[in-house]
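No value in this document is a laboratory result; all are computed from the given coordinates. This one's a predicted model, so the numbers in the text were calculated from it and none came from an experiment. Here the Cβ is made from the backbone with ideal geometry for all residues, glycine too, and neighbour counts use every protein chain on show.
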Amino acid sequence: MKPFVLKIGGEAGYGIMSAGLVVAKIASRSGYYTFDYSEYPSLVRGGHNVMQVAISEGPVLAPYMHTDFLVALNQDTLHQHQHEVIGGGSILFDSAMNMSVKNVAKGVHIFDVPIHEIATRVGGSLIMKNTAALGAVLSILGGSIDDLCKMIKEEFRDKHESVSKRNIAVARAAYQYVQERHFDKLDPFLKQKRVRKEKIVVTANEAIALGSIAAGMQFAAIYPMTPTSAILHTLAPHQEKFGYIYKQPEDEISALNMAIGASFAGVRSLVATSGGGFCLMTEAYGLAGITETPVVIIEGMRGAPATGLPTWTEQGDLLFTLYAHQGDFPRIILAPGDVEESFHMTMQAFNLAEKYQTPVLLLVDKHICESHMSVEPFEYKKYSIERGNFVKTKRVNYKRYAVTASGISPRSIPGVGNHFVVNSDEHDEVGYSEESSENRIEQMNKRMRKLLTCEKEDMEKPRVYGSTKADITIISWGSNKGAILEALQHCKNVNFVHVTWMNPFPTRALNNILKKAKKVLLVECNYSGQFGKLLKEKTGFTPHDTLLKYDGRPIFPEEIIQKIQSLLDS
Amino acid sequence: MSKKKLQPKQYLTGAALSTPKPCTWCPGCGDFGIWSAFRAACMQEKWDNKNTALVAGIGCHGHIINFVKITAFEGLHGRALPVASGLKMANHDLNVFVFTGDGDSLSEGGNHFIHAARRNQNLTVILHDNALYALTTGQASPRTPKGQVTKSTPGGNIDDPLHPLRLALSAGATFLAREYSGNVESLKEIIIEANKHEGFSVIQVMQPCVSFNKVYTHRFFQENIYKLPEDYDPTDTFSAYQKTFEWDYKKIPVGILYQEKRKSYEAQLPVISKKTLVKQPVKKKTITSLYKKFI
């Protein structure tokens, strides 16, 4: 069953996103599952913002193309989205704003509500338009106005009491207006379910920040950049309580070098950025590699190259992160597919970084970084902090880069009495600069051996969703997971292989899966099919067909269903 | 720090600081003076692998990490300061010395130099200033004087040189000194003072490159430097600023030009007010209290 999709749009600066999030939270509190998705330009004021919230009785994993309920706070929203509203759906518009509704599907209910006027009438102001819209929406959908009032109080806790009072008055007035004027058209979709599970409504950014804190992260250096800034917003307020330092550095070059310095001192370190920031980090990426310094890097992809599409999504940095920096060094690259995986893989990344003493990069994208999903609180009882081969006392004959079978050498830190050099030059076992042929080969092999060890001891196999026997097998990675799983519910005899380990790569496991597959469809969000290239390089396999998207929008379940249909028909 | 264990005779000898690596600087290089002064300071102040760490950039200066037996991080060209900043925030008990060059800190790493100074990170920066790029065999650096002929400026340098102490002062550094690498005893004292100072300390060491710089030679500095007079007041920002403009024949001031009492960056971080970050155990944390915002 397709979820109920509410879409709210208006001018940037009028709290469209926070209104959408409130709807998601109220739905979640009422026992439903939600997934929200926002589209906005790289502006603070004046552009067109729109956010959709997909609501369902069971988990919902992706945004959809259709709209059940459109809330338009300006004419632009109507222009751009009224055609998406399906028959039997609804449109709510601001009747105080000289807006007109035209060309909508048959059977669409129209709710004219003077949002603008209500916002200013009961002691409020124009900025409270979103609050008025929320009151009206909840009135139509049978949501709890008390929940909304509670949330308004929570939201404005730190502001003067009058702010929440005025907002509440506006919300109640709009609620009442709709009850009186539109009593015959109400659709109490959101009335409370009896069974309610405790849920949180979080983005992958927030999940990554929470996962870092849970994993005992101690130092984070993050320069603001869309779409990962919310990681720093989540981390910055809780430093004292959880005992870590968040530092805003002068640039991303500094960010990763600082994190490497902190890790050299012995603390768990994190950086987060997007592709453009990672361009600046590539230099220190290899530094962490050759100096064997653990560090976790979050790379949230967006439309590229250069400034590209700053507030839109893409999966165009896979090959970049795999090959960035000159020469060879071991790097571990993981690509979680949703909020839940982002949380757990972040925690895992800290252990992997310390075990293998090398950079671990988590590849996410704007789509999951900024889309909220309702999930049950994260469960991580089984997780334990593993710091690897860590020497915290003075040791006779200590060698930082001792050559070992696993490739992993004993890591010590300054201040415990062991002398060693952590060196960006090729170095000997102590760390002194050393350029001899034998030493170079020995140290290079030692470092690269860590990847083989990781492949054996930690790498996870790709997960197959759906029946093992299928007419069509979809192969994909990262954030496409949600849309593909949604699509799977509407397709028969289709299964899905989701790959989360990009390096090391699960070659053998994929060979086994792919040789049994009848027809393989590659789905990813970039121009050149980067995962397809990686797959070809590692397995020699070429998918039978591809569905590539690079317009900045995530892939929607409907697009996958359509593609599957055309494959079945051909 | 662990003073009771120290046995000066067996511990603080030059031999304890020596490494098996042969020195690779050119005979007569100014870096030997910096090396001697730093080793002497280590011996006098008991800086060792329990209490000190070094960070270096890339350039001839960076080789020093192979010749001093104290744990070191040799990073990337221009990036010594952010590595040192991260290190110091994670373990502020350590004496952290940053060895850098004029190309390293003023050209490739100029942004980090400005911002580390602005934040007043509690680091001692020893800036090996030979006024050109030596390791890459003699191109112009941000310190090369106007008109000088180098491999990259065959028609004479048309860029004006940068003045690191003036730059550091305007960026917010709180300890500024200059010395000629040949004045080993005085340089040692300045290094010790700079380390005692809480905040961002910059020592510009005039370090002649005997192979490529025929202008800033040992003789040039021996003839043209003068010690700041005893009555010079390094706490006066204005006179320090004026001093940074002195670079004339027989008029290059050496000594401590500026010292200001101001809280270091590390001293303002509440998380490490009681204990260094590295001494706080890494623990799995319960995050339930953070869920409120997300319900």
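Contact order for segment A:390-457, expressed relative to its length and based on alpha carbon pairs under 8 Å spaced 6+ residues apart, stands at 33 percent.
Between residue B:131 and B:102, the built amide H atoms are under 5 Å apart, and every one of these is 5 or more places off in sequence or on another chain. Between B:116, B:90, B:194, the residue with the greatest mean-square fluctuation in the GNM of chain B (Cα pairs under 10 Å linked by springs) is B:90.
Rounded if a/c is under 1.5, else prolate if a/b is larger than b/c, else oblate: which is segment A:463-569, with a ≥ b ≥ c the root eigenvalues of its Cα gyration tensor? Here segment A:463-569 falls in the oblate category. Computed from Cα positions, the angle between helix B:31-45 and the longest principal axis of chain B comes to roughly 40 degrees.
By DSSP, the beta bridges lying fully in segment A:1-156 are antiparallel in about 50 percent of cases. May I ask you to list the lysines whose Cα is less than 17 Å away from that of residue B:261, ignoring any residue fewer than eight positions away on the same chain? Output for residue B:261: B:196. Top mean-square fluctuation among B:275, B:214, B:283, Gaussian network model of chain B, C-alpha springs under 10 Å? Looking only at B:275, B:214, B:283, the biggest GNM fluctuation is shown by B:283. Filter A:461/A:518; A:450/B:284; A:197/A:469; B:69/B:214; A:7/A:102 down to the pairs with a C-alpha to C-alpha distance above 23 Å, please. Table pairs above 23 Å Cα-Cα are A:450/B:284; A:197/A:469; B:69/B:214. Fewest-first ordering of A:521, A:256, A:73 by other beta carbons within 10 Å of each residue's beta carbon gives A:521, A:73, A:256. Remark: segment A:431-570 carries a charge dipole of roughly 460 debye about the Cα centre, counting +1 on each Lys and Arg Cβ and -1 on each Asp and Glu Cβ. Under 5 Å from the amide H of residue B:180 lie the amide H atoms of B:206, each residue being 5 or more positions distant or on a separate chain, with H modelled from the backbone and absent for Pro and chain starts. Shown for A:333, B:295: other C-beta atoms within 10 Å of each C-beta, ranked fewest to most, produce the order B:295, A:333.
Per residue, the average separation of C-alpha pairs within less than 8 Å and at least 6 apart gives segment A:4-181 a relative contact order of 19 percent. Using Cβ point charges alone (K and R +1, D and E -1), the dipole size of chain A about the Cα centre works out to roughly 1440 debye. In summary, the lysines within cross-link reach of residue A:247, defined as a Cα separation below 16 angstrom excluding same-chain residues under 8 places away, comprise B:88.
The phi-based Karplus calculation (6.51 cos²θ - 1.76 cosθ + 1.60; θ = phi - 60°) puts the 3J(HN,Hα) values of segment A:18-27 at 6, 5, x, 5, 5, 4, 4, 5, 5, 4 Hz, whole numbers, x for Gly and Pro. Positive end of the dipole of segment B:1-137 (Cβ unit charges, origin at the Cα centre): among B:99, B:24, B:123, the Cα lying farthest that way belongs to B:123.
Taking the longest Cα principal axis of chain A as reference, the axis of helix A:339-356 is set at about 10 degrees. With the convex hull of the Cα atoms taken as the outline of the protein assembly as shown, the averaged projected area works out to 41.3 nm².
Where only DSSP H runs of four or more residues are counted, chain A gives -11500 deg cm²/dmol as its mean residue ellipticity at 222 nm, each run worth -39500 (n - 2.57).
The smallest convex shape that holds all Cα atoms of chain B, its convex hull, gives 170 Å³ per residue. In sequence order, segment A:397-411 has phi-based couplings of 6, 5, 10, 4, 10, 3, 7, 10, 5, 7, x, 8, 9, x, 9 Hz under the Karplus curve 6.51 cos²θ - 1.76 cosθ + 1.60, θ = phi - 60°, and Gly or Pro positions carry x. Sorting the Cα pairs of segment A:269-354 by distance into bins of 5 Å, from 0 upward, gives 3, 13, 24, 25, 20, 11, 3, 0 percent per bin.
If the cut-off is 15 Å between C-alpha atoms, which aspartates and glutamates fall inside it for residue A:563, apart from same-chain ones fewer than 8 positions away? Reachable aspartates and glutamates: A:471, A:486, A:524, A:545. Normalised by the number of residues in segment A:326-473, the mean separation of alpha-carbon contacts (under 8 Å, six or more apart) gives a relative contact order of 20 percent.
Where only DSSP H runs of four or more residues are counted, chain B gives -7500 deg cm²/dmol as its mean residue ellipticity at 222 nm, each run worth -39500 (n - 2.57).
Looking at segment B:3-294 only, what percent of DSSP beta bridges run antiparallel? Nearest 5 please. Roughly 20 percent of the beta bridges in segment B:3-294 run antiparallel, per DSSP.
With kT/(6 pi eta Rh) evaluated at 25 °C and eta = 0.890 mPa s, and Rh the Kirkwood radius from Cα pairs, segment A:1-140 diffuses with a coefficient of 164 µm²/s according to Stokes-Einstein. With neighbour counts taken as other beta-carbon atoms within 10 Å, the residues A:346, B:137, B:174 rank, fewest first, as B:137, B:174, A:346. If the limit is 22 Å between Cα atoms, which of A:129/B:292; A:25/B:293; A:25/A:153 go over it? Over 22 Å apart, Cα to Cα: A:129/B:292.
Calculate, in whole percent, how much of the Cα-Cα pair population of segment B:99-253 lies beyond 27 Å. It works out to 19 percent of all Cα pairs.
Can you tell me the 0 to 90 degree angle between the C-alpha axis of helix A:507-516 and the longest principal axis of chain A, rounded to 10? With rounding to tens, the tilt is 50 degrees. When a/c is below 1.5 the answer is rounded, else prolate if a/b is larger than b/c, else oblate, so apply that to segment A:203-375 with a ≥ b ≥ c taken from the square roots of the Cα gyration tensor eigenvalues. Cα axes put segment A:203-375 in the rounded bin.
Karplus-based coupling profile of segment B:61-68, in residue order and whole Hz: 3, x, 4, 4, 5, 7, 10, 10, with θ = phi - 60° in 6.51 cos²θ - 1.76 cosθ + 1.60 and x standing for Gly or Pro. GNM remark for chain B: springs join alpha carbons under 10 Å apart, and the peak mean-square fluctuation among B:151, B:274, B:227 falls on B:274.
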